[in-house]
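Engineer: Quick one: this structure, given as structure tokens, is what I'll be asking you about.
The values are calculated or read from the model by the stated rules, or taken from the named source; none is laboratory data. Owing to the predicted nature of the structure, the values given are computational and were not obtained by experimental measurement. Don't worry about glycine lacking a Cβ; one is built from the backbone with ideal geometry, like all the others, and counts go over all protein chains shown.
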Amino acid sequence: MAYTLNTGHALYGNLVELIGVQSGALVSHKTARTFTPHAEATFGSGTYGEHLRTVGGGYTVKGAGFSPAVSIDTTANPNATLVVIVNKVAAAGGGGQRPLVSSQTPASGAFTVGLTSAGLPTALENWNTLKTTGATDLDTAATPHMLAAVKIGETAHKLYVDGTFEVDSATRLAFNTTTGAFWNYLGGATGQGSVAADIVWAAWFNKALTEAELDDLYSSLGASNAFGLVGSSGASFDTSVTTALPSFSGSASVSPVTSFAVTAGLPVFSGSANAGAASFSFSTTLPLPSVSGSFTGDTSSGTISITDLRDLTTGNLRVSETGITVIVNNISTGALVALLTGQTSTAGGDMSLSHASIIAGTQYRVTVILPDGSEGTWKYTAA
């Protein structure tokens, strides 16, 4: 399936590179790159769509190299995240650790994700030094996964599997280069170890993604390479709408209007609507009824109130704080509800968050990111 980057995604501005598979070939979406698959590497498809199948070969890697390398200036961006999505992965391979993404230059390298000889997820520094190991069995036959290594400055890192926190460590994810981290190989590391994996996506971000953001990415995965970071080209959509209409009191009269102008931010639909026993076909030019009287229905948006905003490390109140970013997610699906930037706390350390998508009486997962990069996630019910 043909697809392009979703430039409207909340993480698009932090996306350094996204590599995927399209029509039986590797594709990079931010920077033009040349890919050189090993002769034994093949292309296929699985749960999440097309993939590159790398081959386990002891210390000989059998994946795909690419040029130029993906790089992140970790002086300017001390926080970074690597996300790798596979249709399946196996501990079969050989050598030492089994990184999914690496550098082909032994004297250089970058942090990455991979698995141990026992099939457990691991975060690696310099693509060959095991730093953190999780407990999820990754190489169960034909099981897709999303792995993420999150570098948090020079002091800590976290490992996630399928959008869920796996393990963390108060140690840095180091690399040998002095100017930053870089990667130029999919499926193992030269002189270290190979890995058998069906790699669907590899994404790099110049920020430490939160669990809510990773969960949102994981929830967006689907068949035929569906992913929140991309949109399909020339896709067809079901434009039918089934909805409950608001109840009316008063009187209504219908005028045979043949066209209308949409004002006041009203949505425009094309397709059909079904409301109870009545069916209507409509587009941007259609007969609309004129209504007199009043109608009832819950059209109000909600407000999330955060009281006593505190430093997530010291516990001190963060009063009159500016430049706060707040991410509001659906608590059941993890879908993004609202991204609020440039928020400010009051002199008492309180915040009031409003957005048209926030519904009163609904509980949300709310992630607050302070200007210094510290963050925390809580559950709040909108009023």
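Engineer: Report, by residue number, each residue of region 68-82 that is crowded, with 18+ Cβ neighbours inside 10 Å and β-branched (Val, Ile, Thr).
Structural biologist: VAL70, ILE72, THR74, THR81 - these are the residues of region 68-82 that are crowded, with 18+ Cβ neighbours inside 10 Å and β-branched (Val, Ile, Thr).
Engineer: Something else about it: For region 336-349, give me each residue that is in contact with a Ser or Thr (Cβ under 6 Å, 6 or more places away or on another chain) and surrounded by fewer than 18 Cβ atoms within 10 Å (Cβ to Cβ). Steps first, answer last, please.
Structural biologist: We begin by selecting, within region 336-349, every residue in contact with a Ser or Thr (Cβ under 6 Å, 6 or more places away or on another chain); these are 337-338, 341, 344, 347.
Correct list: THR341, THR344, ALA347.
Engineer: Tally up the residues in region 109-128 that are under 21 Å from TYR48 (Cα atoms) and either modelled with pLDDT under 75 or in a strand (DSSP E or B) (or both), please.
Structural biologist: Qualifying residue count, region 109-128: 4.
Engineer: List the strands (runs of 3 or more DSSP E) inside region 129-180, counting only whole elements, that have at least 3 residues being at pLDDT 75 or above and either of a type in the set (Val, Ile, Thr) or surrounded by fewer than 19 Cβ atoms within 10 Å (Cβ to Cβ) (or both).
Structural biologist: On the way: elements: 129-133, 145-152, 156-161, 164-169.
It comes to 164-169.
Engineer: Further, regarding this structure: Of everything in region 83-108, what is buried (at least 24 other Cβ atoms within 10 Å of the Cβ) and either modelled with pLDDT under 65 or of a type in the set (Gly, Ala, Ser) (or both)? Give them in sequence order.
Structural biologist: GLY93, SER102, SER103
Engineer: Check region 6-26 and report whether any residue there is modelled with pLDDT of 90 or more, assigned to a loop (DSSP other than H, G, I, E, B), closer than 24 Å to SER219 by Cβ and of a type in the set (Gly, Ala, Ser). Walk me through how you get there before you give the answer.
Structural biologist: Pass one, region 6-26, residues modelled with pLDDT of 90 or more: 6-26.
Pick out the ones that are also assigned to a loop (DSSP other than H, G, I, E, B) and you get 6-11, 22-25.
Next, from what is left, pick out any that are closer than 24 Å to SER219 by Cβ: 6-11, 22.
Within this subset, residues satisfying the condition of being of a type in the set (Gly, Ala, Ser) are 8, 10.
Yes: one or more hits.
Engineer: Shifting gears a bit: With the requirement that a residue be within 25 Å of the chain's Cα centre (by Cα), surrounded by fewer than 19 Cβ atoms within 10 Å (Cβ to Cβ) and assigned to a strand (DSSP E or B), what does region 35-52 give you? So that I can check it myself, show each step before the final result.
Structural biologist: Our first condition is that a residue be within 25 Å of the chain's Cα centre (by Cα); within region 35-52, this holds for 35, 43-52.
Retained after the next criterion (residues that are surrounded by fewer than 19 Cβ atoms within 10 Å (Cβ to Cβ)): 35, 43-47.
Those that are within 25 Å of the chain's Cα centre (by Cα), surrounded by fewer than 19 Cβ atoms within 10 Å (Cβ to Cβ) and assigned to a strand (DSSP E or B): PHE35, PHE43, GLY44, SER45, GLY46.
Engineer: OK, next. Is there a residue in region 330-339 that is under 18 Å from THR210 (Cα atoms), of a type outside the set (A, V, I, L, M) and touching a strand residue (DSSP E or B) at 6+ places or on another chain (Cβ under 7 Å)?
Structural biologist: Residues of region 330-339 under 18 Å from THR210 (Cα atoms): 330-339.
Checking the rest, the ones that are also of a type outside the set (A, V, I, L, M) come to 330, 332-334.
Within this subset, residues satisfying the condition of being touching a strand residue (DSSP E or B) at 6+ places or on another chain (Cβ under 7 Å) are 330.
The answer is yes, given that some residue of region 330-339 is under 18 Å from THR210 (Cα atoms), of a type outside the set (A, V, I, L, M) and touching a strand residue (DSSP E or B) at 6+ places or on another chain (Cβ under 7 Å).
Engineer: Across region 1-34, which residue is surrounded by the most Cβ atoms within 10 Å (Cβ to Cβ) among those that are β-branched (Val, Ile, Thr) and within 15 Å of the chain's Cα centre (by Cα)? Spell out the reasoning first.
Structural biologist: Filtering region 1-34 down to residues β-branched (Val, Ile, Thr) leaves 4, 7, 16, 19, 21, 27, 31, 34.
Those left that are additionally within 15 Å of the chain's Cα centre (by Cα): 7, 16, 19.
On the way: THR7: 10, VAL16: 19, ILE19: 25.
Checked region 1-34; the qualifying residue surrounded by the most Cβ atoms within 10 Å (Cβ to Cβ) is ILE19.
Engineer: Which of the strands (runs of 3 or more DSSP E) contained wholly in region 313-383 include at least 2 residues that are over 18 Å from the mean Cα position of the chain (by Cα) and among the hydroxyl-bearing types (Ser, Thr, Tyr)? I'd like the intermediate steps shown before the answer.
Structural biologist: Details: elements: 324-330, 336-343, 351-354, 363-369, 375-381.
Correct list: 351-354, 375-381.
Engineer: State all residues of region 350-381 that are surrounded by 15 or more Cβ atoms within 10 Å (Cβ to Cβ) and among the charged types (D, E, K, R); if no residue qualifies, say none.
Structural biologist: ARG365, GLU375
Engineer: So GLY13 clears everything in (1) without any contact (Cβ under 8 Å) to a residue 24 or more places away in the chain; (2) within 17 Å of THR112 (Cβ to Cβ) except one condition, right? Which one?
Structural biologist: All conditions are met except number (2).
Engineer: Would you pick out the residues in region 24-44 that are in contact (Cβ under 8 Å) with a residue 24 or more places away in the chain and not β-branched (Val, Ile, Thr)? So that I can check it myself, show each step before the final result.
Structural biologist: Start the filter on region 24-44 by keeping residues that are in contact (Cβ under 8 Å) with a residue 24 or more places away in the chain, which leaves 24, 26, 28-31, 33-38, 41, 44.
Of everything in region 24-44, those that are in contact (Cβ under 8 Å) with a residue 24 or more places away in the chain and not β-branched (Val, Ile, Thr) turn out to be GLY24, LEU26, SER28, HIS29, LYS30, ARG33, PHE35, PRO37, HIS38, ALA41, GLY44.
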